[in-house]
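The values are calculated or read from the model by the stated rules, or taken from the named source; none is laboratory data. Just so you know, these numbers come straight off a predicted model, no measurement behind them. Glycine gets a Cβ as well: all are built from the backbone with ideal geometry, and neighbour counts include every protein chain shown. The accessibility values were calculated without ligands, DNA or RNA, using every heavy atom of the protein model including side chains. Shrake-Rupley method; radii C 1.70, N 1.55, O 1.52, S 1.80 Å.
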Amino acid sequence: MRRLLRYLKGYEKQTVLAPLFKMLEACFELLVPLVVAALVDEGIARADVPFIWSQFGLLVLLAAVGLASSVTAQYFAARTALGYGTALRRDLYHHINTLSYAELDGIGTPTLVTRMTSDVNQLQNGVNMTLRLLLRSPFIVIGALLMALSISVPLTVWFLGVTAAISLVIYLIMRLTVPRYHQAQNTLDRVTLLTRENYVGARVVRAFSRQKDEIEDFTAANDRLKQIQLTAGRISALMNPMTYVVVNLGILAVLLRGGRYVDAGSLTQGEIIALISYMNQILASLLRLADLVISVTRAVASGIRVNELLNTPTTMPDPAAPALAPVEGAPAIAFDDVSFTYRGAAAPSLQDIRFTAAAGQTIGVIGGTGSGKSTLVNLIARFYDAGAGSVRLFGHDVKDYAFAQLRGMIGIVPQKAMLFTGTIRDNMRWAAPNATDEEIWAALEIAQAADFVRGKPGGLDEPVETAGRNFSGGQRQRLTIARALVPRPRVLILDDSSSALDFATDAALRRALRQQTAGMTVVIVSQRAAAVQRADCILVLDDGELVGCGAHAQLLESCPVYHEICLSQLSREEVQKTL
């Protein structure tokens, strides 16, 4: 948890001033019962109107100064807490972006969302409550006991008994509720997971008429969270009545015992009123202290979760190396006995992959589902690191490139077309912030997206909704292809990115890529034989192994897997025509 305290840096002054002003408010609060006692004993008892008004004015002054101190303390505490939360959230977001796909796959998106939002908010609230109450509540309790001791030593013994009884009640209730708050925070991860799955997969859920089942799953998780919180709430609800019972019994004891002292003349009526006020102050402060402990306990639980994330080291640090010049004559892409296994997987996804691709070549990658096609291209962009062997780009191992240079050389279009909120122009400039409209239109022409963009009322300024949901699947794919083409990368990777395109558009796209991307190495991943058959070299994957490498005609003769793929998609006559 010490690591999280460093986010208070820059707010040292506020961190000190907030508790000090709260203690100043507490000092004025402790003086109020003494003023009331004097008002009763000297003003009301003697009917001294000027004295009454003077004491009344003093009470108003104490209230005004106490209010000003409290507001000032709240301001400093809130400012510190907000600054703390902002700095922590910023660093947490930055750290998440340094993690490789391997770590992100293991942690999971729902947990990341919960820790970035709910857990950071709990820590922020914990800082706020700590600055406001950590010193104030104990100071009020101790101060009230000392003030009571100055009034009557025998009755202070009752104060100690009541304080101990209230503390015991609060301790027992907290012992029962704190574990449930921890459990609730973990259950929230499950609710977040189901919420995200149903939001992202809404169309799939409806397509399979699974709304009822998904509602039942969500309701079950939500009801569990509600039950945990209700149980904790019911136990917490006992705190006020039980503590007030103890305090009222204590007040009753003070009245009965104090009445005898008043009759004996050793105590005044005003002092009895002051003692009861101090007892109420002790109760209020202990209740606030209980709220503080619960808040801090929640914050500590959330802090542990946030720390786990911050302490998760990336297995793929950015080398931040100086720019590397391409090695003259070196292949654009070279795999040298590359193997890769996903974390927790029983078998490797790629095994002993060896091939080279020259600059300007078009490489096709084909194979069945789960054969390792996407894994292979993810290694080129270094989204994952190879477990064995090396992946080289223009003569250098991809591990030697700084991420900025590596990703700047590669344009990748993932399987799932993802657009971001903004405009078409904003999305096109993701990899090239200074791209001109002419460059954008040129990329749209190659991607076969120019016609439908011109048909939009806003053209390049047409709004893009969340995840591009105001475009069809084929339009999203063409826009993501254009986005990758805008900066004119040296290597273009199309990871099954034309699956939503009709055959005519797909053919036009491949033709435009051949004609207008001279010098660019293009890697086309597809399950369609027609999409890769004109590639200079086709890689055939089967269960993570490279079972064929060559041109279309050569593979039809020498690779049974490729021959079977072609026959499953084309008739024998069509296969013969392609030879």
Only unsatisfied item for residue 489, checking (1) in contact with a strand residue (DSSP E or B) (Cβ under 9 Å, 6 or more places away or on another chain); (2) open to solvent by less than 40 Å² (accessible area, probe 1.4 Å); (3) in a helix (DSSP H, G or I), is (3)
Among (1) at pLDDT below 85; (2) under 39 Å from the mean Cα position of the chain (by Cα), residue 490 falls short only on (1)
Taking segment 261-272 and keeping only residues that are surrounded by fewer than 17 Cβ atoms within 10 Å (Cβ to Cβ) and at pLDDT 80 or above, one is left with 269
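Yes/no matrix, rows are residues, columns are (1) at pLDDT below 80; (2) under 30 Å from residue 285 (Cα atoms); (3) exposed (fewer than 15 other Cβ atoms within 10 Å of the Cβ); (4) of a type in the set (A, V, I, L, M, F, W, C):
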{"site": "169", "(1), (2), (3), (4)": "no, yes, no, yes"}
{"site": "172", "(1), (2), (3), (4)": "no, yes, yes, yes"}
{"site": "181", "(1), (2), (3), (4)": "yes, yes, no, no"}
{"site": "185", "(1), (2), (3), (4)": "yes, yes, no, no"}
{"site": "198", "(1), (2), (3), (4)": "no, no, no, no"}
{"site": "221", "(1), (2), (3), (4)": "no, no, no, yes"}
{"site": "224", "(1), (2), (3), (4)": "no, no, no, no"}
{"site": "230", "(1), (2), (3), (4)": "no, yes, yes, yes"}
{"site": "234", "(1), (2), (3), (4)": "no, yes, yes, no"}
When every residue in segment 273-300 that is among the β-branched types (Val, Ile, Thr) and open to solvent by 40 Å² or more (accessible area, probe 1.4 Å) is compared, the one farthest from the chain's Cα centre (by Cα) is 273
Flagged in segment 329-370 as of a type outside the set (A, V, I, L, M), within 28 Å of residue 512 (Cα to Cα) and in contact with a helix residue (DSSP H, G or I) (Cβ under 9 Å, 6 or more places away or on another chain), in numbering order, are 335, 362, 364, 367, 368
Being open to solvent by 20 Å² or more (accessible area, probe 1.4 Å) and among the hydrophobic types (A, V, I, L, M, F, W, C) narrows 435, 450, 404 down to just 404
When restricted to 390, 371, the only residue over 28 Å from the mean Cα position of the chain (by Cα), in contact (Cβ under 8 Å) with a residue 12 or more places away in the chain and in a loop (DSSP other than H, G, I, E, B) is 371
Of the residues in segment 331-358, those that are hydrophobic (A, V, I, L, M, F, W, C), touching a Gly at 6+ places or on another chain (Cβ under 9 Å) and modelled with pLDDT under 90 number 1
